[in-house]
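The values are calculated or read from the model by the stated rules, or taken from the named source; none is laboratory data. All figures in this text were calculated on a predicted structure; none of them were measured in a lab. So basically every Cβ, Gly included, is an ideal-geometry build from the backbone, and we count neighbours across all protein chains shown. Just the protein is used for accessible areas: all its heavy atoms, side chains included, with ligands, DNA and RNA removed. Shrake-Rupley method; radii C 1.70, N 1.55, O 1.52, S 1.80 Å.
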Amino acid sequence: MSENYFYLADLFKNYGISLVPVTLRELKDIKHNNREYIVSINSSITKYANFLKARKNFLDHMVLSKKFCLFDLSSFAMADIAAKGFRNKSYHYFQLPVELKEVVKLIALTIYEDRRTKLTWPGGIRSKLPADVGSSM
C-alpha cells in the first residue's frame with residue numbers, strides 16, 4: 001500500500017468517492033460491467049518498472065478499450081498510449097510533484113462528468129405525443 005493512500009482516501013472521501021487499494025491480480029479478476037477508474041502513483045523506479053509490466057500485460061488494452069480510465073501520477077515520462085487515451089478520455093497524466101488536492105479535485109470532476117455523459121442518451125430526448133391524440137372519436 002502506498003504511503004499516500006490514507007491521505008488520498010481522505011481527499012476522495014470529501015467528494016463522495018471511495019478509494020480502494022488493489023493489486024494487479026485483483027484488478028484482473030474484477031468483473032468489468034462498469035468502467036473502472038484507476039489512480040496510479042509512480043514516484044520510484046521500482047514502482048515505475050512494475051507499472052510498465054502491468055501496462056504491457058494488461059492495462060494498455062483495458063484503457064484503450066475504454067474499460068478502465070487511468071489517472072497516471074508519475075515522476076517519469078507520459079505513456080506511449082497517451083494520444084489515443086486522451087482522445088478516448090481514458091488516460092490522464094499528471095507530472096509529479098503536483099498538489100494532490102488539486103489533482104483529486106480534477107479526478108473527481110472527470111469521474112462525475114464521465115458518469116453523467118454515460119447516463120445521457122446520445123439520441124436526445126424521446127418525443128411524446130399529446131395525451132388527447134386519438135381520443136376525439
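Assorted remarks:
- Scanning region 30-48 for residues that are of a type in the set (K, R) and touching a residue at least 40 places away in the same chain (Cβ under 8 Å) turns up just one, R35.
- Within region 17-50, the set of residues being under 28 Å from T117 (Cβ atoms), open to solvent by less than 80 Å² (accessible area, probe 1.4 Å) and part of a loop (DSSP other than H, G, I, E, B) comprises I17, L19, P21, V22, I30, H32, R35.
- Residue in region 59-66 that is more than 24 Å from R116 (Cβ to Cβ), among the hydrophobic types (A, V, I, L, M, F, W, C) and surrounded by 12 or more Cβ atoms within 10 Å (Cβ to Cβ) present: yes
- Considering only residues in region 67-85 that are assigned to a loop (DSSP other than H, G, I, E, B) and hydrophobic (A, V, I, L, M, F, W, C), the one that is farthest from Y5 (Cα to Cα) turns out to be I81.
- Residue within region 78-90 that is modelled with pLDDT of 90 or more, of a type outside the set (D, E, K, R) and surrounded by 19 or more Cβ atoms within 10 Å (Cβ to Cβ) present: yes
- Index of the failed condition, V103 passing every other in (1) open to solvent by 60 Å² or more (accessible area, probe 1.4 Å); (2) at pLDDT 90 or above: (1)
- If the condition is being of a type in the set (F, W, Y) and open to solvent by 50 Å² or more (accessible area, probe 1.4 Å), then region 2-16 contributes F6, Y7, Y15.
- Pick from region 86-102, criterion assigned to a helix (DSSP H, G or I) and within 13 Å of the chain's Cα centre (by Cα), ranking: nearest to F6 (Cα to Cα): F86
- Region 78-99, subset without any contact (Cβ under 8 Å) to a residue 12 or more places away in the chain and in contact with an Asp or Glu (Cβ under 9 Å, 6 or more places away or on another chain), residue nearest to Y112 (Cα to Cα): A82
- Cβ-Cβ distances below 8 Å connect the following pairs, each with a first residue in region 9-29 that is without any contact (Cβ under 8 Å) to a residue 24 or more places away in the chain, a second residue that is among the charged types (D, E, K, R), and a separation of six or more residues or different chains: L19/K13.
- Region 67-77, residues that are among the hydroxyl-bearing types (S, T, Y) and either out of contact with any helix residue (DSSP H, G or I) (no Cβ under 8 Å at 6 or more places or on another chain) or open to solvent by 10 Å² or more (accessible area, probe 1.4 Å) (or both): S75
- So L129, is it over 20 Å from V22 (Cα atoms) and modelled with pLDDT under 90: yes
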